[in-house]
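Note sheet for the following structure.
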């Protein structure tokens, strides 16, 4: 059995933040996991990873993709920044389906570089085991997302330094979610800063297609899906200061409320871009914290 990388830290319920330990309490008093630690061991070198470089040949191949015929995606075509990224993700996911099928893979998952899978609820702490336990008639498994919380301004390696996450409402009792909503959003318009619909893992099969960066679908049927009650996607969103400034540096939009709408889909991303483009470093840190 694989050992869990989660350390069983104790946490006093009288702590001023009233956060929930990653431990095993079934009656959370606040929608957070706290003191989360990931043990990477001695090596961070990924094993079994194949990198596909964005070459001219790849771009020519993707220019012929059937993705360009998808009417649900048409409103994202030929737009800058996040919209362009969304289309590229769909193109890459379509390629990944073919690669997964040719390699004999059973399941396929799309994760961003600021996300990890937390395969809780399986007999052992293993995504492989978690998916082995899924009934054979299930086509898609939904992992609700947890969002990291900014704990301090000097985070350099989020995967090893971030310890607190806001739990998804799908994993919270209703009285906890609604009773602590005002405190947990901290003045933001939404419960999460960014997305809240989780990520899905799809069984590799005929006619599978991407349905945005968070879901899969099938050209010939409506997939049978289930939502997991314990496992989650950990989203390390704006976990370090450079996450804020990097959006400014890679997007050429003007830092105005109107122009950012053509570059970013989410309100918080729009606000973050404006702050990163117009504020001093001190003001940015104050806004982020």
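The values are calculated or read from the model by the stated rules, or taken from the named source; none is laboratory data. It should be emphasised that the depicted structure is a prediction, and the values quoted were computed from it without experimental measurement. Reconstructed Cβ throughout: ideal geometry from the backbone, glycine too, with neighbour counts over all protein chains shown.
A single member of 104, 187, 121 is more than 28 Å from residue 243 (Cα to Cα) and either without any contact (Cβ under 8 Å) to a residue 24 or more places away in the chain or part of a strand (DSSP E or B) (or both), and it is 104.
Let's see how each residue does on (1) out of contact with any strand residue (DSSP E or B) (no Cβ under 8 Å at 6 or more places or on another chain); (2) buried (at least 17 other Cβ atoms within 10 Å of the Cβ); (3) not in a loop (DSSP other than H, G, I, E, B):
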site	(1), (2), (3)
125	no, yes, no
138	no, no, no
192	no, yes, no
214	no, yes, no
220	yes, no, no
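Of the candidates 131, 116, 111, the single residue that is part of a strand (DSSP E or B), touching a residue at least 24 places away in the same chain (Cβ under 8 Å), in contact with a strand residue (DSSP E or B) (Cβ under 9 Å, 6 or more places away or on another chain) and in the same structural domain as residue 48 (by TED's automatic domain parsing) is 116. Looking across the stretch 53-79, the residues that are under 26 Å from residue 247 (Cβ atoms) and either touching a helix residue (DSSP H, G or I) at 6+ places or on another chain (Cβ under 7 Å) or surrounded by 17 or more Cβ atoms within 10 Å (Cβ to Cβ) (or both) come down to 62, 67, 73, 76, 77, 79. Condition (residue is at pLDDT 95 or above and farther than 26 Å from residue 95 by Cα) applied to the stretch 134-141: is it met by at least one residue? Scanning the stretch 134-141, I find at least one residue that is at pLDDT 95 or above and farther than 26 Å from residue 95 by Cα, so the answer is yes. Being more than 19 Å from the chain's Cα centre (by Cα) and in a strand (DSSP E or B) is the filter; apply it to the stretch 194-212 and report the residue that is surrounded by the most Cβ atoms within 10 Å (Cβ to Cβ). The extreme case among them is 208.
Taking the criterion of being over 14 Å from residue 84 (Cα atoms) and within 22 Å of the chain's Cα centre (by Cα), the residues of the stretch 245-259 that qualify are 245, 246, 248, 249.
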